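Here is the structure we will look at, set down as structure tokens.
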Amino acid sequence: MQSLRQVFFPDQFYSFKTDESASILGTMTLIDEKIAWPINHVKLHCYKIQKYCELDQINIDAPNDKSWSQHYQVVEQDTVIYDVTRWDQDSIDAEFAGKNDDSCRTTSLNLNFKTKEFFLITRNAGGNCEILGVKLDKLPKPRIAQIVDGSNIIRQEFSKVEKAAYDSLSSDLRKKIDKLIEKDRQK
């Protein structure tokens, strides 16, 4: 844990929409649920003429005291394509492009640039919900993800790693560090 450093990770929150294209950068969270990778960054680009949006996401899995090895794991997800179903002055709606009659779930985008509210809504689609021999339970309610300014979320997650590193120090060393910090604060 002591050898871990906070790594640079993008935490920009940015959005714009023109008559022809739109882009959003931010951190994805799940409303009322814990997301698997709270340290994440998404890029969503939409194109009106081509009638599609593409979502790219990168995640960092931070180590904790239960981790087998103490290092950061970076996961870059495949680009996900959505077909634009509505393009208005301030909003865009889109549906997952890979949906078929046998899909278990489907995700739609609801992007409001006026209010800066950007949602991905996953619903049951009624198809086969078995993946690699494991049957998935039906969602009890739609799963709603939101793209937000994640700077505080990311900072809190890195703080957990820093605290674990600090807690792994001997008590004598922690006392010395605490005295130095206190002395520095008094200046």
**OP:** Might you let me know whether the stretch 71-85 holds any residue that is exposed (fewer than 13 other Cβ atoms within 10 Å of the Cβ), part of a loop (DSSP other than H, G, I, E, B) and either modelled with pLDDT under 80 or on the phi > 0 side of the Ramachandran plot (or both)?
**Re:** yes
Subject >> All positions within the stretch 129-187 that are under 30 Å from LEU25 (Cβ atoms), touching a residue at least 24 places away in the same chain (Cβ under 8 Å) and small (Gly, Ala, Ser) >> reply: ALA145, GLY150, SER151, ALA164, ALA165
**OP:** Could you please find all residues in the stretch 13-31 being surrounded by fewer than 17 Cβ atoms within 10 Å (Cβ to Cβ) and among the aliphatic types (A, V, I, L, M)?
**Re:** LEU30, ILE31
Original post:
Restricting the stretch 32-57 to residues that are at pLDDT 95 or above and aliphatic (A, V, I, L, M), which is nearest to LEU169 (Cα to Cα)?
Top reply: VAL42
**OP:** With respect to ALA97, determine if the residue is within 19 Å of LYS43 (Cβ to Cβ) and in contact with a strand residue (DSSP E or B) (Cβ under 8 Å, 6 or more places away or on another chain).
**Re:** yes
Original post:
What number of residues within the stretch 86-117 satisfy the criterion of being surrounded by 15 or more Cβ atoms within 10 Å (Cβ to Cβ) and touching a Gly at 6+ places or on another chain (Cβ under 8 Å)?
Top reply: 2
Original post:
Pairs, please: C-beta under 6 Å, at least 6 apart or cross-chain, first residue more than 18 Å from GLN77 (Cβ to Cβ) and in the stretch 19-41, second of a type in the set (Ser, Thr, Tyr)?
Top reply: SER21/TYR47
Original post:
If you go through the stretch 133-187 one residue at a time, how many are closer than 27 Å to LYS43 by Cβ and not in a helix (DSSP H, G or I)?
Top reply: 10
Original post:
Are any residues in the stretch 86-129 among the hydroxyl-bearing types (Ser, Thr, Tyr) and not in a loop (DSSP other than H, G, I, E, B), and if so, which ones?
Top reply: SER91, THR106, THR107, SER108, THR122
Original post:
Is there a residue being more than 24 Å from the chain's Cα centre (by Cα) and closer than 27 Å to ILE49 by Cα anywhere in the stretch 95-104?
Top reply: yes
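The values are calculated or read from the model by the stated rules, or taken from the named source; none is laboratory data. Because the structure is predicted, anything quoted here is derived from the model rather than measured. Cβ sites come from the backbone with ideal geometry, for glycine too, and all protein chains shown count toward neighbours.
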